[in-house]
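What follows is one structure encoded as structure tokens, with my remarks underneath.
The values are calculated or read from the model by the stated rules, or taken from the named source; none is laboratory data. Owing to the predicted nature of the structure, the values given are computational and were not obtained by experimental measurement. In this analysis, Cβ positions are derived from the backbone assuming ideal geometry, glycine residues included, and neighbour counts consider all displayed protein chains. Just the protein is used for accessible areas: all its heavy atoms, side chains included, with ligands, DNA and RNA removed. Shrake-Rupley method; radii C 1.70, N 1.55, O 1.52, S 1.80 Å.
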Amino acid sequence: MTNLHELTERIISCEACPRLREWCEEVAEVKKAKYKDETYWGRPVPGFGDPNARLIILGLAPGAHGANRTGRVFTGDESGKWLYGALHEFGFATEAAATHRDDSLQLVDAYINNIVRCAPPQNKPTTGEIKACRPFFTEELRLLADKRVVLALGKIAFDNYKKFLQEEGHDVKGLTFAHGACYTFDDSLPALVASYHPSQQNTYTGKLTQAMWYEIFQRVRELLDER
Ligand code: SF4
């Protein structure tokens with residue numbers, strides 16, 4: 001039977017999307033000037049966290065000079081500063097700063113799973129690429145058997161999770177993405193919380209403020225305490 005370790009190995013060696021694989025390798029070779037002395041990861045980026053996590057966080061895709069450089073989801077870029085900062089503040093991470101896949105940060109009762117595992121140009125995967133990567137997303141979600149709360153970052157993550165629920169035979173009528181939306185079900189399904197993605201596009205423009213962001217994690221913590 002597949003386990004998370006085997007799944008991780010398959011993700012890292014995947015070559016299914018030529019456009020994304022070429023882009024990731026090119027970025028890893030050309031590099032950003034400030035990272036010129038670093039060796040970029042340049043491979044698909046697997047999920048990260050506690051295999052027995054009750055909180056599952058769904059992101060979109062690795063950042064070209066973030067996870068595609070460091071080899072760990074949300075690590076090494078501005079989005080990651082927001083995410084790991086909040087995870088630490090609310091007791092889900094041992095440290096507030098994530099710098100590299102080999103740093104000592106551990107997630108506690110939390111796991112991060114992206115919809116697409118390779119950094120896309122302009123942070124925009126195509127529909128076909130999302131579809132190609134979907135089996136990894138689905139398999140990982142199924143393996144995370146202790147999940148009690150799912151936090152979807154952005155509409156694409158939300159809609160993909162909705163599709164997952166539908167495929168698993170659940171009624172998804174009425175589930176609509178909005179920042180702060182929260183859906184609870186009977187005990188067989190984890191609660192679903194939606195948030196704007198902590199991308200620079202949202203955080204630099206004030207669409208997502210620190211207060212709004214922390215309110216999401218406060219709600220997540222309360223839901224976990226209740227369930
Ligand atoms: S995006 Fe997913 S399916 Fe496509 S190459 Fe990367 S890991 Fe494979």
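Beyond 21 Å, what share of the Cα-Cα pairs of the stretch 4-226 remains, rounded to the nearest whole percent? Walk me through the numbers before you get to the answer.
Values: 12819 of 24753 pairs.
In whole percent, the share of Cα-Cα pairs in the stretch 4-226 beyond 21 Å is 52.
Write down the Kirkwood hydrodynamic radius of the stretch 113-214, to one decimal in angstroms, obtained as one divided by the mean of 1/r over all alpha carbon pairs.
Numbers: mean 1/r = 0.0681 Å⁻¹.
Over the stretch 113-214, the inverse of the mean reciprocal pair distance is 14.7 Å.
Averaged over its residues, the stretch 1-100 has an accessible area of 46 Å² per residue, based on protein heavy atoms and a 1.4 Å probe.
Given the DSSP H assignment, sum -39500 (n - 2.57) over each helix run of at least 4 residues in the chain and divide by its residue total; what's the result at 222 nm in deg cm²/dmol, nearest 500? Show your work: numbers first, answer last.
Numbers: 8 runs with 89 residues, N = 227.
Value at 222 nm, helices only, nearest 500: -12000 deg cm²/dmol.
Accessible-area rank, largest first, for 24, 182: 182, 24, with all protein chains present and a 1.4 angstrom probe. Distance between the 7 Å Cα→Cβ label points at residue 31 and residue 52: 4.1 nm.
Using only C-alpha positions, report the orientation-averaged shadow area of the convex hull of the stretch 1-127, nm², one decimal. Show your work: numbers first, answer last.
Values: hull surface 32.0 nm².
Value for the stretch 1-127: 8.0 nm².
So the label point goes 7 Å from the Cα of residue 214 along Cα→C-beta, right? Which residues of the stretch 77-101 then have their backbone N under 11 Å from it? Inside the label zone: 86, 89-90. Whole-percent P(r), the stretch 1-72, all Cα pairs, 5 Å bins from 0: 3, 15, 23, 23, 17, 11, 6, 2, 0. The length gained on full extension between residue 205 and residue 166, counted as 0.36 nm times the residue separation minus their Cα-Cα distance, comes to 10.6 nm.
Which percent of the accessible area of the chain is formed by carbon and sulfur heavy atoms (probe 1.4 angstrom)?
On the way: 5420 of 10670 Å².
Looking at the chain in its full context, I get 51 percent from C and S.
For the stretch 8-113, relative contact order (Cα pairs under 8 Å, six or more residues apart, normalised by length) works out to 28 percent.
Mean silhouette area of the stretch 163-227, derived from the convex hull of its C-alpha atoms and averaged over all directions, reads 5.0 nm².
Among the protein heavy atoms, those of residue 118 account for about 20 Å² of accessible surface (1.4 Å probe, every chain in place).
In a fully extended conformation the segment linking residue 21 and residue 2 would gain 4.4 nm over its present Cα-Cα distance, using 0.36 nm per residue.
Report relative contact order for the stretch 180-224 in percent, whole number only (criteria: Cα-Cα under 8 Å, sequence separation at least 6). Don't skip to the end; give the middle numbers.
Details: 28 pairs, mean separation 13.4, N = 45.
Reported relative contact order: 30 percent.
Short-range pairs are left out: with C-alpha atoms under 8 Å and at least six residues apart, the relative contact order of the chain is 20 percent.
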